[in-house]
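Trainee: Take this structure, written in structure tokens, and hold onto it; I'll ask about it next.
The values are calculated or read from the model by the stated rules, or taken from the named source; none is laboratory data. These figures come from a predicted structure and were not determined experimentally. A quick note on method: Cβ atoms are made from the backbone with ideal geometry, for glycine too, and the neighbour counts reach across all protein chains shown. For the accessible areas, the whole protein counts, side chains as well, though only heavy atoms, and no ligand, DNA or RNA atoms are used. Shrake-Rupley method; radii C 1.70, N 1.55, O 1.52, S 1.80 Å.
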Amino acid sequence: MLELPRPRKSKKQSNRTDRYRAWAEINLSHLKHNVEELKRRLPKDCRIMAVVKANAYGHGSVPIAQKLQSIGINSYAVAEVSEGIALRKAGIQGEILILGFTSPWQFADLCRYDLTQTVLNADYAMTLNQYGKKIKVHVKIDTGMGRLGENVDQVERILSIYRQPHLIVTGTYSHFSVPDSDLKEDIAFTNEQINRFYRLVHVIQSNGFDTGRLHLQSSYGILHYPHLRCDMARPGIALYGAIDVVKDNDESSVSLLPVLSLRARVIMVKRVPAGSSIGYGRLYRTTQDSIIATVSIGYADGIPRCLFEQGGHVLVKGQRVAIAGNICMDQMMIDVTHVEHVEEGDIVTLIGQDGDCRITAEEVAVRCHTIPNEWLTGIGSRVDRVYVN
Ligand SMILES: *Cc1c(COP(=O)(O)O)cnc(C)c1O
């Protein structure tokens with residue numbers, strides 16, 4: 001008979017994450033802290049519409065929304081209907097706004113789950129109205145983003161949206177394209193977007209229509225244009241604390257805390273002689289006798305593959321170590337020659353704190369010429385999410 005291997009008992013670590021290969025630790029009290037910080041920055045009567053699309057930027061939309069609901073948030077934004085349904089099924093109440101396109105096949109679900117649909121333009125308003133049932137909507141105005149929304153100068157078309165008998169307009173909004181930039185011309189552009197929006201709002205209201213609640217700011221809009229007179233703001237990435245704090249520190253007094261830490265394990269340690277090559281493409285070469293650790297996470301878990309070529313690091317035993325060779329689908333290798341006593345089972349931190357060292361989602365994003373949003377939303381579904389309060 002085959003003898004089953006006994007589970008190896010690690011001497012030092014025997015916590016509840018032992019069974020995970022790769023996991024994201026989600027700190028819900030940091031989420032609460034970030035909400036409070038953003039609220040502090042906004043006018044008192046401005047509400048937060050929490051953007052929890054794309055699985056709450058990889059953090060897990062249901063637990064994130066449940067935590068937000070428990071601290072008094074009652075507006076949420078998602079990209080598509082299925083994300084809204086998942087929240088309703090998990091008991092999320094209040095307003096859920098679909099930011100993107102919903103096909104007529106799904107209009108029934110808008111009603112059934114009490115979801116609020118964005119009106120993408122005047123034609124879309126007609127299509128929605130033809131469904132023949134009352135549907136709650138927010139009207140989207142394109143003030144310069146060039147994406148969704150009826151063009152701000154199409155006043156007649158915009159007014160036609162408010163005349164649709166079956167649409168219940170509970171909000172009107174727009175979206176900035178360069179709120180993060182501190183270039184003079186970008187600031188001027190954002191101010192122009194703001195002016196276009198409020199001039200239009202004035203026209204809509206003076207035609208006797210109710211715009212519902214007004215909202216403009218995403219995360220960087222809140223940080224850089226906090227004093228706008230709005231009824232709501234739509235933070236996404238700032239809720240998750242993955243904002244480039246260094247850049248924003250001087251002008252904004254908010255201190256955001258990263259909600260997500262990403263960790264994996266050393267699953268093998270091996271000694272290799274000088275001159276060895278490591279990994280696909282043989283891109284890492286040891287220049288001395290070295291110790292290489294294999295780590296249980298790879299690009300299928302969302303680690304950007306470019307991280308090796310861009311000189312990326314991970315943390316192990318409170319120290320920064322270099323990635324050794326191309327990142328594989330399910331594993332990666334690191335050079336731990338200079339770290340004492342690395343052994344199987346040791347925790348490797350891809351994002352987060354280990355001892356005095358820290359790697360942020362922004363650091364990884366900058367290295368790979370992207371933004372934290374992109375790679376956080378790419379954290380794989382097979383990465384366990386572990387929630388801590
Ligand atoms: C994604 C999104 C947001 C949130 O953006 P962040 O930069 O993550 O704060 C807000 N509004 C709209 C319309 C969006 O699509």
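Trainee: Identify, please: which residue in the range 130-188 is open to solvent by 30 Å² or more (accessible area, probe 1.4 Å) and within 12 Å of the ligand (Cβ to nearest atom) and is, among those, nearest to Arg229 (Cα to Cα)?
Mentor: His175
Trainee: Continuing with this model, one more query. Of the residues Ile351, Ile327, which is in contact with a helix residue (DSSP H, G or I) (Cβ under 7 Å, 6 or more places away or on another chain), in a strand (DSSP E or B) and not assigned by TED's automatic domain parsing to the domain that holds His33?
Mentor: Being in contact with a helix residue (DSSP H, G or I) (Cβ under 7 Å, 6 or more places away or on another chain), in a strand (DSSP E or B) and not assigned by TED's automatic domain parsing to the domain that holds His33 holds for just one of Ile351, Ile327, which is Ile351.
Trainee: Which condition number does His313 fail, the rest of (1) open to solvent by less than 50 Å² (accessible area, probe 1.4 Å); (2) in contact with a Lys or Arg (Cβ under 7 Å, 6 or more places away or on another chain) being met?
Mentor: Only one criterion in (1) open to solvent by less than 50 Å² (accessible area, probe 1.4 Å); (2) in contact with a Lys or Arg (Cβ under 7 Å, 6 or more places away or on another chain) is unmet by His313, namely (1).
Trainee: Is it the case, given these coordinates, that Ile222 is assigned by TED's automatic domain parsing to the domain that holds Thr118, closer than 22 Å to Arg47 by Cβ, more than 13 Å from the ligand (Cβ to nearest atom) and at pLDDT 95 or above? It would help to see each step written out before you state the result.
Mentor: On the way: assigned by TED's automatic domain parsing to the domain that holds Thr118: yes; closer than 22 Å to Arg47 by Cβ: yes; more than 13 Å from the ligand (Cβ to nearest atom): no; at pLDDT 95 or above: yes.
Answer is no for this residue.
Trainee: Could you identify the single residue in Pro273, Pro258 that is within 16 Å of the ligand (Cβ to nearest atom), farther than 24 Å from Lys44 by Cα and either of a type in the set (Gly, Ala, Ser) or open to solvent by 20 Å² or more (accessible area, probe 1.4 Å) (or both)?
Mentor: Pro258
Trainee: Hey, another quick one. Taking Thr127 as the residue in question, decide whether it is closer than 20 Å to Ala79 by Cβ and within 16 Å of the ligand (Cβ to nearest atom).
Mentor: Answer is no for this residue.
Trainee: Another question, if that's okay. Which one is farthest from Arg19 (Cα to Cα) among residues in the range 272-312 that are assigned to a helix (DSSP H, G or I) and of a type in the set (A, V, I, L, M, F, W, C)?
Mentor: Step one: filter the range 272-312 for residues assigned to a helix (DSSP H, G or I), giving 280-282, 299-301, 305-307.
When the remaining residues are screened for being of a type in the set (A, V, I, L, M, F, W, C), the result is 300, 306-307.
On the way: Ala300: 19, Cys306: 28, Leu307: 26 Å.
Among those that are assigned to a helix (DSSP H, G or I) and of a type in the set (A, V, I, L, M, F, W, C), it is Cys306.
Trainee: From the list Gln69, Gln106, Gln93, pick out the single residue that is away from the ligand (no atom under 14 Å from the Cβ) and under 23 Å from Pro258 (Cβ atoms).
Mentor: Exactly one of Gln69, Gln106, Gln93 is away from the ligand (no atom under 14 Å from the Cβ) and under 23 Å from Pro258 (Cβ atoms), namely Gln69.
Trainee: Of everything in the range 349-367, what is of a type in the set (A, V, I, L, M, F, W, C) and open to solvent by 20 Å² or more (accessible area, probe 1.4 Å)? Give them in sequence order.
Mentor: Hits for the range 349-367 are Cys357, Val366.
Trainee: Select from the range 38-53 the residues that are crowded, with 17+ Cβ neighbours inside 10 Å, away from the ligand (no atom under 14 Å from the Cβ) and part of a helix (DSSP H, G or I) and list them in ascending order.
Mentor: Scanning the range 38-53 gives a single hit, Lys39.
Trainee: For the range 287-306, how many residues are of a type outside the set (Gly, Ala, Ser) and open to solvent by less than 10 Å² (accessible area, probe 1.4 Å)? Step through it out loud before you land on a result.
Mentor: Quick first cut of the range 287-306, residues of a type outside the set (Gly, Ala, Ser) only: 287-289, 291-292, 294-295, 297, 299, 301, 303-306.
With open to solvent by less than 10 Å² (accessible area, probe 1.4 Å) added as a condition, the list becomes 292, 295, 297, 301, 303.
The total comes to 5.
Trainee: Continuing with the same structure: Name, by its number, the condition in (1) within 16 Å of the ligand (Cβ to nearest atom); (2) more than 18 Å from Ala54 (Cα to Cα) that does not hold for Asp356.
Mentor: Here Asp356 clears every test but (1).
Trainee: Hey, another quick one. Which one of Gly91, Gly100 is assigned by TED's automatic domain parsing to the domain that holds Ile168 and out of contact with any strand residue (DSSP E or B) (no Cβ under 8 Å at 6 or more places or on another chain)?
Mentor: When all the criteria are applied, what remains is Gly91.
Trainee: Then there's this: Under the condition of being touching a residue at least 12 places away in the same chain (Cβ under 8 Å) and surrounded by fewer than 17 Cβ atoms within 10 Å (Cβ to Cβ), which residue from the range 66-78 is farthest from Leu31 (Cα to Cα)?
Mentor: So, considering only residues that are touching a residue at least 12 places away in the same chain (Cβ under 8 Å) and surrounded by fewer than 17 Cβ atoms within 10 Å (Cβ to Cβ), the one farthest from Leu31 (Cα to Cα) is Asn74.
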